[in-house]
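To keep things clear, I will list the structure first and then write my remarks on it.
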Amino acid sequence: MWKATVIFLAVYIGFVLSKRHRPYIAWGGILVALAAGALYPEEIITGINWNVIGIFAGSLLLAELFIVSRLPEAISDVLINHSPNLGIAFLSIIVLTSILSAFIENVATVLIVAPIALQLARKVDVSPVPVIIGLAVSSNLQGTATLIGDPPSMILAAAKGMNFLDFFWFEGRIGIFFFVQIGAIFGFAVLFFFLKGMRRKPVEISVTRVRTWTPVWLLGVMIVLLSLASIVDSEFKWFSGVVCMVIALIGLAWYRSTDVEGARKLMRHFDWGTAAFIAAVFVLVTMLEERGAIETLMNRLGSLRSVRPIVFYAAVVWFSVLISAFIDNVPYITAVLPVVIGLAGRFGISEELLVFGVLIGSCLGGNITPIGASANIVAVGILGRAGNPVSFGSFVRIGLPFTLAATLGAFIALWLVWN
């Protein structure tokens, strides 16, 4: 157990020190664990949740195809042309980005919409900084709302056996989707505070022509099939991953038939590293579970059962916010979910209250700093290349109040519904 714990902590420190090399650090830790006898070879295969990997890879590939359709740009152009002033125009773009992020990977949505916002900001000679930061933090927020929005949501689904519809209605009560929307309302109010001074009428722009509707239809078919997952695969073991991969491969075959070079470029730039990273994290957490480290931690924390439920719940949520402001939330969520699930009964708290709280806290915490989430790093990079460098403090000035407001709104609503 102690070998497994030390190796996991060393790997986690590696994640903190280097985001770029996370897959190599994770799989390097697995090799060390094998050599030290803290992990058995067969646990590499059985430890990976292949259903989640299939959902991630398939939905990410389909998101790339969705970008090809140019539908998001067309919708953004229409919103800008129908907005009464620049502040509302930019806020509309941010809201659109957040909606897209419920179904498309966060970095992809920022890359889709950021150029549109930059173009408008240049035309009217205003700073794009609050807008682009708003795009990033809003996309991180809404990525939590659905099964296919972000890897942490997929990990939650695996832990609780949730299907696509369970994110909307679960165990007879509203699901995490609606708590995210409550948080979004609070967060958008904060962003509007930074944009409300832009009262000029936006410059009218030509509406982008939609290139193809095929990826849109494929995305719709995937969502419909995912909503039926509980009928076919009630234990969340294979169906969702297979659906996402099959539809993504159909989409790739279609794209290759229309643009061979574009399809090759898409596959070259596919995020293989994150898929390998998520798979490795599953293996490392399996190592902790099988060696008894998580059970030991639950027993230690269980001795604090005299703590009031509201205090424990608050500690779980806000500690998740703090941790995720600086380090990746995927290994954190994967390791913490089995702990809070095991502790829920001991503290007399609903499992759903704690796991939803962990997910919201860890996903929103990444919005505080420019290094807390991949979308933030991309947004800061875009601004830097556009001649608008963003300091750590400048990002926190927007990210911190957004995070506090959005988390507090969701935190209170979660307690009222699931307590």
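The values are calculated or read from the model by the stated rules, or taken from the named source; none is laboratory data. Since we're looking at a predicted model, the values are computed, not measured. All Cβ positions, glycine included, derive from the backbone under ideal geometry; neighbour counts span all protein chains shown.
Here are the numbers for the structure shown:
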{"read-out": "Pairs, first under 17 Å from A335 (Cβ atoms) and hydrophobic (A, V, I, L, M, F, W, C) in region 7-30, second at pLDDT below 85 and in a helix (DSSP H, G or I), C-beta under 6 Å, six or more apart", "value": "F15/R22"}
{"read-out": "Qualifying residue in region 264-276 (condition: surrounded by 15 or more Cβ atoms within 10 Å (Cβ to Cβ) and free of Cβ contacts under 8 Å to residues at least 12 places away in the same chain)", "value": "no"}
{"read-out": "Any hit, region 314-321, residues being touching a Leu at 6+ places or on another chain (Cβ under 9 Å) and modelled with pLDDT under 85", "value": "no"}
{"read-out": "Cβ-Cβ under 7 Å pairs, at least 6 apart or on other chains, region 62-81 side in contact (Cβ under 8 Å) with a residue 24 or more places away in the chain, far side crowded, with 19+ Cβ neighbours inside 10 Å and charged (D, E, K, R)", "value": "A63/E105"}
{"read-out": "Residues satisfying the stated conditions in region 100-115, i.e. among the hydrophobic types (A, V, I, L, M, F, W, C), under 18 Å from V380 (Cα atoms) and modelled with pLDDT of 80 or more", "value": "V110, V113, A114"}
{"read-out": "Single residue of region 135-148 satisfying the filter (of a type outside the set (S, T, N, Q), in contact with a Gly (Cβ under 9 Å, 6 or more places away or on another chain) and more than 22 Å from E351 (Cα to Cα)) that is surrounded by the most Cβ atoms within 10 Å (Cβ to Cβ)", "value": "A136"}
{"read-out": "Pairs, first within 15 Å of L252 (Cβ to Cβ) in region 214-234, second of a type outside the set (A, V, I, L, M, F, W, C), C-beta under 7 Å, six or more apart", "value": "P215/S69; P215/G251; L218/G251"}
{"read-out": "Residue match in region 71-90 (condition: within 19 Å of the chain's Cα centre (by Cα) and surrounded by fewer than 20 Cβ atoms within 10 Å (Cβ to Cβ))", "value": "no"}
{"read-out": "Per-region count, region 101-140, residues under 20 Å from the mean Cα position of the chain (by Cα), β-branched (V, I, T) and more than 22 Å from A189 (Cβ to Cβ)", "value": "3"}
{"read-out": "Where G197 falls short, out of the listed (1) closer than 30 Å to V242 by Cα; (2) part of a loop (DSSP other than H, G, I, E, B); (3) not acidic (D, E)", "value": "(1)"}
{"read-out": "Selected residue (only one of A158, A184, A253 is surrounded by fewer than 18 Cβ atoms within 10 Å (Cβ to Cβ) and on the phi < 0 side of the Ramachandran plot)", "value": "A253"}
{"read-out": "Candidate set from region 10-23 (those that are part of a helix (DSSP H, G or I) and touching a Ser or Thr at 6+ places or on another chain (Cβ under 9 Å)); member that is surrounded by the most Cβ atoms within 10 Å (Cβ to Cβ)", "value": "R22"}
{"read-out": "Residue in region 336-351 that is out of contact with any Ser or Thr (no Cβ under 7 Å at 6 or more places or on another chain), on the phi < 0 side of the Ramachandran plot, hydroxyl-bearing (S, T, Y) and touching a residue at least 60 places away in the same chain (Cβ under 8 Å) present", "value": "yes"}
{"read-out": "Elements of type helices (runs of 4 or more DSSP H) in region 289-383, at least 2 residues being buried (at least 24 other Cβ atoms within 10 Å of the Cβ)", "value": "309-324, 329-344, 351-365"}
